[in-house]
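To keep things clear, I will list the structure first and then write my remarks on it.
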Amino acid sequence: MSVTFVTTSCSDNDHPGTDRPMEDSTYYFSKSMNIIELQSKLPNEEIKNLPPEDAEKYFGERFQLSQAEKLIFWNDSLLIVKPGNLSSKYKLSWKKDDLYLYNDITNTWEYCGKRNGESAFILNTGLYWIKGNNMNGTLSILGQSYSLLSYEELLEYLGGNSLNANKQIVWLKMQYVFDQKPEVKL
């Protein structure tokens, strides 16, 4: 019996031009963040609004780590760069000034933001926290989506009202404003 180990190494030069922005990219840098709504629903209770300053209480570090620092547009792609140089790449499509990202799991285009004038972009971001209890214990789920615009859409995304009747759900909708600037390399 023999075992073979194969290791590979990745660098910026492994796939030139396919996974990273090209020189003709357009860069947008974070200017501001605005909490649009923070809502909570306890089991068997109505939805209630929470003060925006409670967002960090519910989402902790996730609240800070979800805040995009830079958007890089090139060709038909968008790279969203977050703290720690973490990034996510998406295929994009414009419909007038509205931006849609391709969800390859559902094979659909989902709204994520819009141009605001000549040199600004508004990125929609939704965070959610779901806490469910049953006889086996407690399950908490944290999630993020750029396409969710309301608490009602979140419930639909999660499978409908009936599946979530016995869960605590906290919903946070934020908008980030970005200004277009040339990339500065130090």
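The values are calculated or read from the model by the stated rules, or taken from the named source; none is laboratory data. All of these numbers come straight from a predicted model, not from anything done at the bench. Keep in mind that these areas ignore ligands, DNA and RNA; they rest on the heavy atoms of the full protein, side chains included. Shrake-Rupley method; radii C 1.70, N 1.55, O 1.52, S 1.80 Å.
Seen through its C-alpha gyration tensor, with square-root eigenvalues sorted a ≥ b ≥ c, region 105-154 comes out prolate because a/c lies at 1.5 or above while a/b is bigger than b/c.
Computed from backbone phi with θ = phi - 60° and the Karplus coefficients 6.51, -1.76 and 1.60, the 3J(HN,Hα) list for region 136-142 is 8, x, 10, 10, 10, 10, 10 Hz; x is used for glycine and proline. Heavy-atom accessible surface of region 40-186, averaged per residue, reaches 58 Å², computed with a 1.4 Å probe.
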